[in-house]
Amino acid sequence: MTDPNTLSPLDLETPDKTFLDANELVINMGPQHPATHGVLRVILRLDGEKVMGLECVIGYLHRGVEKIAENRTYTMFNPYVDRMDYVAAVSNGLGYCEAVEKLLNVEAPPRAQYIRVILTELNRIASHQLWLGTHALDIGAITPLFYTFRDREEILKIFEKYCGARLTTHAFRIGGLQYEAYEGFEKDVKNFVNFVKPKIDEYEELLTTNRIWLERTKGVGKISGKDCIALGVTGPVLRASGVKWDLRKAQPYANYKNFEFEIPTGENGDTYDRYIVRMIEMRQSLRIIEQAVEGIPEGPIMAKVPKVMKPPVGEIYHSIEAPKGELGYFIVSDGSTQPYRIRVRPPSFVNLQALDLMCRGQLVADVIAVIGTLDIVLGEVDR
Amino acid sequence: MDAMLHISTLHYLVLGAALFLLGVIGVLTRRNVVIVLMSIELILNAVNLNLVAFSRYWQGIHGPSALHGQVFAIFVITDAAAEAAVGLGILIAFFRNKETVNVDEVNLLKW
Amino acid sequence: MHGFLQYIQSYLDSDKTPGGAGNIFWATVYILLVFAGLSVAVIAMNWLERKILAHMQVRLGPMRVGPHGLLQPIADAIKLLLKEDIIPAEADALVFWIAPFIVVLAAFTVFVVVPFGPTHAITDMNIGILFMLGVSSLSVLGIVTAGWASNSHYPLIGALRSSAQMVSYEVAMGLAVVSVILMTSLGPEGGTLSMIGIVQAQQAQGEWFIFKFFPLGLVGFFIFAIAMVAETNRAPFDLPEAESELTAGFHTEYSGFRWSLFFLAEYSAMIAVSSIAVTLWLGGWLRPFPNALTGPTWDLVFSLFPGITFLLLAVMCFYNTARMPKHPLFRVQTMGLAGFGVVLALIGLILFIPAVRVRVTDIYWFAAKVGAFMYLYIWYRGTFPRYRFDQLMKVGWKVLLPTGLVLLILTALVGMRTELWAELQGVWRP
Amino acid sequence: MNPPVATPFFFYLLAATMIAGGILVITRKNAVHSAMALITTLLAQAGLYLMLYAPFVAGVQIILYAGGIMVLFLFVIMLISIERAEKERQFNKQWLVGIVAAGALGGLFIAVYTTTTKGKILFPEGQLTYGETQNTQAIGSLLFDRGAGQYMFAFEIASLLLLVAIIGAVVMAKKRI
């Protein structure tokens, strides 16, 4: 971390050592800091207010989720994944269930698939809303937080009505769904779609053309598509850098190939583009939800899965497009009821790598903006 | 006692002289450049006090608009601002090179 | 005793400020009144900010302590005063101790020259505006020393930021103020720096300076309105205390009473700069249309406003009393709100008494204009994200400063034009 | 304008503050303490200006000195680390010589005073019959007026000096221009 020139294989533009180099400031941001979204600790090396380099210290929220998996059966482990990215618990569940289904070689019935897609996309919107609120709060706009939380509440209400839980839903089961959609589920979802569309315009009214917002986000935390790929960055961050990569289109899982939607991409790879990409993604999610609600077929919601799951010996990697990027599950089965090893590829963890690169030469205030724009959840980073 | 109670120009002059001497002592004895600069400010202020006191005295003789002393005081304040800016600029350059603010270590013409 | 009463009485007949009349008794009374009024204003402002901001953000704000959270500021004050006063071990205790007092002193001293009415000011200095700018610029010393004395990185950065910010924006602020002083010199009385004189110049020239030489006055007003937000470290220029970046900026290490002093100073500084803006551009204590709608009838109508305002507030209280849930748990709250309404109504009625009415109208209009600024402050806070430091400097030096300079030159030119015209007509003003 | 009240009291109060502040400035170890003492001195001096019917100079003193120059000083003190300077020896080796020189200067002042006055009053007070109302205007006309503006040229030179100082300070303080 000491010499910025030898640090990264990527061509970094090292800020020139200016002003008082005798007085370089090392600041410890976090783990108790209002803008680190949990318990991230960032060690900043500052020259005045310019960031010369930074180092993330993680692990404050480590609970050993992957290790726990080795002592749980496949079914028992299902709720644990919700605790990783707790703002997008449904997506986590979807990835895990699909991975195990792939291992077991079963497929969830179409009705279950549709409901899964609806809930996952709702969760994507909820996750983006939470991101928007906190990101705007970090940049100093306090009002969007309350607007987004007001609207996110409606999504959580649907979750609550569906499965009884709001945050860590445990909505899906391996092989399909535990619960049939409740009476009026479709109506609720449709109402929500109509309710939230003008609300997204409302957020945009507050921010998109706001002069200060533009100045705070344009050109901040730039990262090129090449660097994104080199660092394994995925999700909206990658797409905002101009790489059209969305697993829902690239490796369609669930039944995403049945739906029409666009993959928004940015050009500059700066914070503003990431904001725009996420805003469009929310709208696209609504589009998917509308199509899915229209087309929910009748039928069973659970495939034939053995009561005691003993997947064949082998290994599987399955990844989905979680709100924050590629969420992958690598499962090794030894033929017993418990997985031999589960490795999660969490998008937040991988995306966090890019923080140093994105913050070099920026100001302290931009570090906050960049942490916000990366949309990390520490539960997922530390697992 | 009457001399103590009636504040005349002389009182201000004595005060100015005292401040001036304090400033001189500071400049001559301190090693910290910042404090030396502050002592120079003290000296300039002592001068200002004299100027304004004399301006008052002059007004008594030549009428209300004889404010030359006050105008001079304003010029001195301008001068002090310029002096402080350049002095502190030099100080920063000095500190960057030597990592000290000790005036005794300014013993090279070039480094 | 009789002589003393006469001494008190003698001021009431004069048309001077207590300081101008040299009346020590009334000066003391005014100082105490301003101090008390300011404290009440800060408390009210605290409550209003939380409520208004809450309603802008689809929430309710404080609702528990007292009806509609009316007693919340008092509860907060008690909490703050009872808190432990921590001085960090490595801090420079003396400077740490003094810093908040510097800030508060600077914020309160400014009010010596604020003209709440033609006679309602503690004193009228003939360098009034210079004094206000100078003393309010002293608060930066307190902030810098507070940040330095805490001996911690975040406060230090906050202090450096705020000192740079306040010094930069003072320049633009000063330019806008100078353009107003140029405008005052166009009247029959000649130029003045006195706060009361500036308002009287607006009265004499028949228009508020915000409309003078349209759009020059307006531009100057906007420069000042932006600079004053930056000067008081409020959103969107609240970088020194940017919560998400520097936790709390220069007062991170402060707690309890000393922290509340910073809080008090911030709000009184807001009121102070708003008073400057109101005095310089919005006609100070002058009621709307002082020249167009003249005559005793209009005077009467406008002097009824203070009483009506308080009665309206009282009606609001009674309306909400009626809307309170009819549950035994809410009985105390309902009674409290009704009582508050009664108090407001009484104040309103007192304000209708002719002797009081005449003396209070000026203060009312002044306070109403300042109140509008206070609302703007809250509105900004609810709407804008925060500027970044370099952008803040860019706005200050590259936008406001050149605009201010151009404004100054244009004002001088346009002002000269009038003067030249007057010279041509043979009405040369010596 | 009323005659000022309690002039001697305020004079001695402010004078004492100034002297005390001055002594603190040159004796404190910590530069920030020195700066705060200097600020006190400057503010007291602004009070003295007011007593001398120089309100404009007092205002300039507060804005420029206390609000401007001293903030600059504090800013620089915070940029450079002063911990080391605090632990070092505070006075240089010639401190005795310095004090003696200053004392000699003071002796010179006294000597000049006693030899020139010889018992007569040095500065007899003229009668001041007007208030401070015209002060700012009078200074303004001395600086700028077409007829009476004797200091117009000096004013321009002063602004040039400030410009030079700005450029100089930037050049000094910035490593890479």
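Structure data summary
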read-out: Qualifying residue in the stretch C:162-174 (condition: within 16 Å of the chain's Cα centre (by Cα), closer than 24 Å to D:Val71 by Cα and buried (at least 24 other Cβ atoms within 10 Å of the Cβ)); value: yes
read-out: Condition met for A:Glu326 (surrounded by 24 or more Cβ atoms within 10 Å (Cβ to Cβ) and touching a residue at least 12 places away in the same chain (Cβ under 8 Å)); value: yes
read-out: Of all residues in the stretch C:376-395 being touching a Leu at 6+ places or on another chain (Cβ under 8 Å) and in a helix (DSSP H, G or I), the one that is surrounded by the fewest Cβ atoms within 10 Å (Cβ to Cβ); value: C:Asp390
read-out: Residue count for the stretch B:25-46, restricted to those that are in a helix (DSSP H, G or I), under 17 Å from B:Gly87 (Cβ atoms) and either at pLDDT below 85 or among the hydrophobic types (A, V, I, L, M, F, W, C) (or both); value: 12
read-out: Any chance B:Leu21 is at the interface with chain D (Cβ under 7 Å from one of its Cβ atoms), under 23 Å from B:Ala85 (Cβ atoms), part of a helix (DSSP H, G or I) and in contact with a Gly (Cβ under 6 Å, 6 or more places away or on another chain); value: no
read-out: Filter result for B:Phe95 (facing chain D (nearest Cβ under 7 Å), farther than 18 Å from B:Leu37 by Cα, in a helix (DSSP H, G or I) and aromatic (Phe, Trp, Tyr)); value: no
read-out: Any hit, the stretch A:151-163, residues being within 14 Å of chain C (Cβ to nearest Cβ), under 30 Å from A:Gly361 (Cα atoms) and surrounded by fewer than 23 Cβ atoms within 10 Å (Cβ to Cβ); value: no
read-out: Qualifying residue in the stretch B:63-78 (condition: touching a residue at least 40 places away in the same chain (Cβ under 8 Å), among the polar types (S, T, N, Q) and at the interface with chain D (Cβ under 7 Å from one of its Cβ atoms)); value: no
read-out: Matching residues, the stretch B:25-41, being in contact with a strand residue (DSSP E or B) (Cβ under 8 Å, 6 or more places away or on another chain), facing chain D (nearest Cβ under 7 Å) and either buried (at least 24 other Cβ atoms within 10 Å of the Cβ) or not basic (Lys, Arg) (or both); value: B:Thr29, B:Arg30, B:Asn32, B:Ser39
read-out: Hey, C:Leu141 modelled with pLDDT of 85 or more and over 28 Å from D:Ala54 (Cβ atoms) or not; value: no
read-out: 1 or more residues among the β-branched types (Val, Ile, Thr), farther than 26 Å from B:Leu28 by Cβ and more than 10 Å from chain C (Cβ to nearest Cβ): qualifying helices (runs of 4 or more DSSP H) within the stretch D:1-81; value: D:7-27
read-out: Residue among C:Leu138, C:Leu130 that is over 30 Å from C:Val356 (Cα atoms), touching a helix residue (DSSP H, G or I) at 6+ places or on another chain (Cβ under 7 Å) and surrounded by fewer than 24 Cβ atoms within 10 Å (Cβ to Cβ); value: C:Leu138
read-out: Given (1) touching a residue at least 12 places away in the same chain (Cβ under 8 Å); (2) within 7 Å of chain D (Cβ to nearest Cβ), index of the condition B:Leu13 fails; value: (2)
read-out: Failed item, numbered, when A:Glu183 is tested on (1) charged (D, E, K, R); (2) assigned to a helix (DSSP H, G or I); (3) farther than 30 Å from A:Ile139 by Cα; value: (2)
read-out: All positions within the stretch C:141-180 that are more than 30 Å from C:Gly404 (Cα to Cα) and aliphatic (A, V, I, L, M); value: C:Ala146, C:Ala149, C:Leu156
read-out: When residues of the stretch A:15-41 are limited to those that are at pLDDT 75 or above and within 12 Å of chain C (Cβ to nearest Cβ), the one surrounded by the most Cβ atoms within 10 Å (Cβ to Cβ); value: A:Met29
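Residue-by-condition table, conditions (1) aliphatic (A, V, I, L, M); (2) at pLDDT 85 or above:
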position	(1), (2)
B:Gly60	no, no
B:Ala66	yes, no
B:Ala73	yes, yes
B:Asp79	no, yes
B:Ala84	yes, yes
B:Ile90	yes, no
B:Ala93	yes, no
B:Val101	yes, no
B:Asp104	no, no
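Quick grid of which residues meet (1) away from chain D (no Cβ under 11 Å); (2) under 15 Å from C:Leu261 (Cβ atoms); (3) at pLDDT below 85; (4) in a helix (DSSP H, G or I):
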| residue | (1), (2), (3), (4) |
| --- | --- |
| C:Ile86 | yes, yes, yes, no |
| C:Ala99 | no, yes, no, yes |
| C:Leu105 | no, yes, no, yes |
| C:Val110 | yes, no, no, yes |
| C:Gly117 | yes, no, yes, no |
| C:Ala121 | yes, no, yes, no |
| C:Leu130 | no, no, no, yes |
| C:Ser137 | no, no, yes, yes |
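The values are calculated or read from the model by the stated rules, or taken from the named source; none is laboratory data. Model, not experiment: these values are computed from the prediction. Note: ideal-geometry Cβ built from the backbone for every residue, glycine included; neighbour counts use all protein chains shown.
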